[in-house]
1. Return 238, 244 ranked ascending by Cβ neighbour count within 10 Å, so the fewest neighbours appear first.
2. Karplus couplings for the stretch 283-290 from phi (6.51 cos²θ - 1.76 cosθ + 1.60, θ = phi - 60°), rounded to Hz, Gly and Pro as x?
3. Per-residue counts of other Cβ atoms within 10 Å, averaged by peptide: what ranking do you get for 248-256, 321-329, 286-294, 261-269, highest first?
4. If the limit is 19 Å between Cα atoms, which of 215/336; 115/204; 337/379; 181/337 go over it?
5. Rounded, prolate or oblate, given the Cα gyration tensor of the stretch 31-92, with a/c below 1.5 counting as rounded?
6. Taking the inverse of the average 1/r across all pairs of different Cα atoms in the stretch 2-145, what Kirkwood radius in Å do you get?
7. At 0.36 nm per residue, and after removing the present C-alpha to C-alpha distance, how many nm does the segment from residue 294 to residue 43 gain when stretched out fully?
8. Amide H neighbours of residue 57 under 5 Å, at least 5 residues apart or on other chains, H built in the peptide plane: list them.
Amino acid sequence: MKNIGILGSTGSIGTQTLEIVRKEKDLRVVCLAAGRNVELMEKQIREFMPAVAAMWTEEAARDLRRRVGDLPVKVVSGMEGLLDVATVEQMEVLVTGIVGMIGIRPTIAAIEAGKDIALANKETLVTAGHIIMPLAARKGVHILPVDSEHSAIFQSMHGENRARVSRILLTASGGPFRGRKREELADMTVEDALKHPNWSMGKKVTIDSASLCNKGLEVMEAKWLFDVDLEQIQVVVHPQSILHSAVEYVDGGIMGQMGVPDMKLPIQYALFYPDRRPMDTGGVDLCKLGQLTFEEPDTETFRGLALAYQAAGRGGSLPTVFNAANERAVALFLQKKIRFLQIPELIEASMEAHDIVDNPTVEQILAAEAETYEYIKQKYES
């Protein structure tokens with residue numbers, strides 16, 4: 001029996017993780033954390049019977065305590081609640097499906113407590129990779145990527161000498177606006193941007209995919225996860241989303257992982273690594289598929305990717321600014337307060353306004369986030 005915890009249990013990654021738990025009887029959920037969806041959290045508690053459950057607000061926690069007062073579950077709230085969940089003694093693997101930089105402190109706490117991390121919270125490595133990866137190495141903790149692309153890279157490196165890696169080929173679907181030019185994107189709506197051709201994801205990630213900012217964040221994450229130079233990471237647009245990413249070695253050989261676009265596959269792989277379990281995904285019929293195609297990304301139209309490389313190249317606190325500005329820009333776009341093309345404009349302005357801190361502490365990372373939010377509030381929301 002493997003005991004797991006989930007940060008973000010009511011979101012896309014969390015609910016898909018729980019689908020796997022329902023199927024695999026040797027997984028047990030010992031702790032859960034969510035934002036404000038009390039109704040769904042109550043259902044999850046009654047089904048999976050965790051020892052600890054956290055809600056982000058105390059108001060939501062009070063409501064949840066009232067609803068599950070007949071059950072032996074400890075209900076906590078806020079950042080302290082997330083830290084409680086991250087350090088539950090009997091937990092072995094923490095699935096970090098929470099969105100945003102809120103995941104940094106609980107991830108660090110879980111690593112300190114010796115828990116393996118099934119990582120779906122890319123912001124953690126984007127902003128604090130220089131803290132997270134050395135800490136995990138010191139503690140002997142596995143960081144098991146849950147993003148389909150990073151899982152594919154991880155699988156393609158399994159059993160190989162990482163010193164012999166030449167390039168990482170990080171694939172991107174291209175999103176709903178693939179092939180469009182800048183002038184065509186001027187009037188794209190929220191509804192247009194949410195029509196992803198291949199993947200079913202949360203709204204924020206789907207918008208990030210449309211802008212290619214998500215791929216920029218994945219570039220930064222891959223740099224830390226696989227200890228490679230930025231110049232070794234090449235983004236390749238692959239519209240079919242069958243090759244989830246690949247690794248080229250110094251002899252020219254390329255190892256890749258293919259499969260249907262289903263997030264449950266990388267989640268399950270992370271939970272049972274290094275084992276593989278049966279999964280009914282329908283499989284890939286290469287003969288029916290007929291062809292796989294690959295293109296270079298259009299970084300002039302989708303400037304978010306170029307800005308991400310710029311932020312990662314400079315390093316320090318600048319990736320935090322990229323992430324925070326993108327997070328706020330996407331929220332404003334979803335609220336229909338800015339246009340789609342203003343997302344990279346807002347990110348670039350925030351990066352230019354920032355005084356970079358080299359090798360930032362967690363406190364300095366969070367301060368850079370707050371500073372970016374304030375800059376955007378003054379400039380775009382006043």
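1. The most exposed by this proxy come first: 238, 244.
2. x, 10, 9, 5, 5, 5, 4, x
3. Details: 248-256: 13.2, 321-329: 26.4, 286-294: 9.0, 261-269: 21.8.
Per-residue Cβ counts within 10 Å, averaged per peptide and sorted highest first, yield 321-329, 261-269, 248-256, 286-294.
4. 215/336; 115/204; 181/337
5. It comes out oblate by the Cα gyration axes.
6. On the way: mean 1/r = 0.0676 Å⁻¹.
This gives a value of 14.8 Å.
7. Values: separation 251, 0.36 × 251 = 90.36 nm, distance 4.29 nm.
Net length gain for the segment: 86.1 nm.
8. Residues meeting the amide H criterion: 78.
A short reminder: the numbers here are calculations on the coordinates, not readings from a lab. Since the structure is predicted, the reported quantities are computational estimates derived from the model, not experimental observations. Glycine gets a Cβ as well: all are built from the backbone with ideal geometry, and neighbour counts include every protein chain shown.
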